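Read-outs: derived from the displayed coordinates by stated rules, not from any lab. Small disclaimer: the values here were computed from a predicted structure and weren't measured. A quick note on method: Cβ atoms are made from the backbone with ideal geometry, for glycine too, and the neighbour counts reach across all protein chains shown.
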Amino acid sequence: MPESRSSWDDLPVGVALVSAAGELIEANACLAQWLGQPVGLLRGSRIDDWLTRAGRVLYHTHVLPTLHLHGQLQELSLSLQSGDMTLPVLACASLGGAVDARTVRLVMSPMRERQRLERQLQRAQRAADAAPVLLFEYERDALGRGVFTYLSAGVERLYGPVEQASMVPEQALWSHVHPDDLPGLLRAREDSVRAGGVWGGHFRVRAQGASDWAIDDILATPQPMGDDRWTWYGTIADVTRQHEIEQSAQLREAAQRASAAKSEFMARTSHELRTPLNGILGFSQLMAEDAREPLGPEQRRRLGVVNASAMQLLALINELLDIARIEAGELRLLMQPVRLLPLLQQALAAIEPMATGAGLSMTLQCPFTVAVQADATRLQQVLTNLLSNAVKYNIRQGQVAVVVRHADAQVRIDVQDSGPGMSAAQLRQLFQPFNRLGAERTATEGSGLGLVISRQLVEAMGGRLEVTSQPGQGSTFSVTLSTAAARPAAVPREEGMPGARPPGPRRRVLYAEDNPVNALLMEQVLAPLDGVELRLAASGEEALACAAQWPPDLLLLDMHLGDMDGRTLLGRLRDLPGLAGVPAVAVSADAMPDDVALARASGFQDYWTKPIDVHRLRIGLLQALERREAPP
């Protein structure tokens, strides 16, 4: 054997040395195993014995002539046979030996292994080409010049047609990068070299023929090649959509923070404005009902102006709070069946004095049993606003008509007026906050928020608010809601004073309030009530000391005292002997629903919002005392 057998036997391929006459001179162990014969028996056999017919033809007509001409042959497909077994192989052949004793050396590997590797390579290539990103191999020389030595098919999806070659100049891709972003992209590459870390970053690109800039992300791992040459293996991905989502999320978070800040501002502003309004409205009501020192006609008229102005300011505060709640998604509705007739009758009764003063006639057409699915309190707010507008923006001796129609599982409430009507341009601006369409230049009161809030409330109840109008022909505002499917709930109504209480011991009321005006107002509001004794405390500690010595029957607590908040004070009062079951009412200028809910969760039985209504406060106080006296 002209070469070391041991070296041949260690090879994982078949090796054969064939004479010019076609006899097998030598074979290695791998080939012998394929053919199922010992090496000794193979020696001297003819190559034609272990080649298939097609293989024999190919060997004699192509392999041998090519070897004699060129001396070697690469990647030749042959098929070996041994009995019923056929083994396709990929062979390399070379011609050796002396001129008069030529030999052919064949090195063979199973075709199935080559095919397996090719299939794996094809699968990898298909996966790379189908990937939603661009896979690449990039080389940079010592002078900083770069070239792409591999680009997957994703390059065309990101940048358009790129001439595929074994080496693609980097400019073929960098020409699509935004000029402002390319320097940063190349700096990131050099930072990757210095730190030995990942080459990463975002940059703007514009594909061939595109008009908009997309955002791509590069992520590649460097490999040193020596002599300051580097190779990166990585991906480039289009992250435009992800970037838009992140930007939207950031904008949404910023809007939520702004909304929360606005809500907080509105809550604080409401608190600060309600506190002085409590004194203005409370004392104006006390002055109006004072029978011992009655006001003269002119004083009563002036007091009416003060009271009306304060109520107008309170209405504006409430409207601003409503808008803040709606925009913050904090509006809470109690959706239930509501009968329309009593609700409309109440709303008309509230507006009747204003309509009578303007010389207007009002009519109502509403089926007795019709009901809608709504929040009764909020629907009454909407209807009162629409009726108020129909009166304010009407003509002398005009008309206001309310017509209710029921059809197709829906109820439509039309509020019609005989006013001057509105143009198409005015209708387009009608639901803009604070836009009164020029009415601010007249004596007609308003803020320009009522309709905005009414539409949002109706939509929150699953309905719609629409308007039709023409100049000189009046306006019709229509509220459409779903028909109720169950027994209607009772309509909110005004409560009267509780019945007269039989003579008995005086009931003790402790009021913790650090504002002297509010304390004085409460003192004078309760003064006419027989059988009620009030004591005032200007701080939480003072209230605790008073309650320990003078156990009250009712606790009225401001929620923001100088030394502690109302919830903390209530908790400490409950720890005093005999006060665990005493009714407690929060009295506060905080009007946000969360404030009310938090107070009730802390143990307050009721929550009275400033500015207080004198009549309602007296009713509520007597009812609270009656609950105290009621048997368990």
**Asked** Share of Cα-Cα pairs in segment 131-238 beyond 16 Å, in percent?
**Response** 56 percent
**Asked** Where nothing but the Cβ of Lys and Arg (+1) and of Asp and Glu (-1) is charged, how large is the charge dipole of segment 131-238 around its Cα centre, in debye to the nearest 20?
**Response** 60 debye
**Asked** When ranked by the protection proxy of mean other Cβ atoms within 10 Å per residue, highest first, what sequence do the peptides 595-603, 377-385 form?
**Response** 377-385, 595-603
**Asked** Once Lys and Arg get +1 and Asp and Glu get -1 on their Cβ, which of Gly22, Leu41, Val509 lies farthest toward the positive end of the dipole of the chain?
**Response** Val509
**Complete:** To the nearest 10 degrees, the tilt of helix 540-549 (Cα long axis) against the first principal axis of the alpha carbons of the chain is 50 degrees
**Prompt:** How long are the three semi-axes of the equivalent ellipsoid of segment 5-117, in whole Å, if each is the root of 5 times an eigenvalue of the C-alpha gyration tensor, listed from largest down?
**Reply:** 20, 17, 14
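Arrange the peptides 118-125, 531-538 so that the one whose residues have, on average, the most other Cβ atoms within 10 Å appears first. Mind showing how you got there, number by number?
Values: 118-125: 10.5, 531-538: 17.8.
My ranking of the peptides, most packed first, is 531-538, 118-125.
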**Complete:** Summing -39500 (n - 2.57) over every DSSP H run of at least 4 in the chain, dividing by its residue total and rounding to the nearest 500, the 222 nm mean residue ellipticity is -13000 deg cm²/dmol
**HN-Hα J in Hz across segment 417-430 - Karplus 6.51, -1.76, 1.60, θ = phi - 60°, x for Gly and Pro** = 10, 10, x, x, x, 9, 7, 4, 5, 5, 4, 5, 9, 4
**Asked** Roughly how large, in nm² to one decimal, is the mean projection of the convex hull of the alpha-carbon atoms in the chain?
**Response** 56.2 nm²
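Please state, to two decimals, what the Cα-based radius of gyration of segment 507-629 comes to when divided by 2.2 N^0.38 Å (N = residues).
Relative to the 2.2 N^0.38 Å estimate, segment 507-629 comes out at 0.95.
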**Message:** Rg and Dmax in Å for segment 336-482, alpha carbons only: what are they?
**Reply:** 14.5, 43
**Complete:** Here the net charge surrounding Ser361, from other residues whose Cβ is less than 13 Å away from its Cβ (Lys, Arg +1; Asp, Glu -1), is -1
**Fill in**
One can check that the equivalent ellipsoid of segment 258-406, built from the alpha-carbon gyration tensor with semi-axes equal to the square roots of five times its eigenvalues, has lengths in Å, largest first, of 29, 27, 14
**Prompt:** What ranking, highest mean first, results for peptides 301-309, 566-574 when packing means the other Cβ atoms within 10 Å averaged over each residue?
**Reply:** 566-574, 301-309
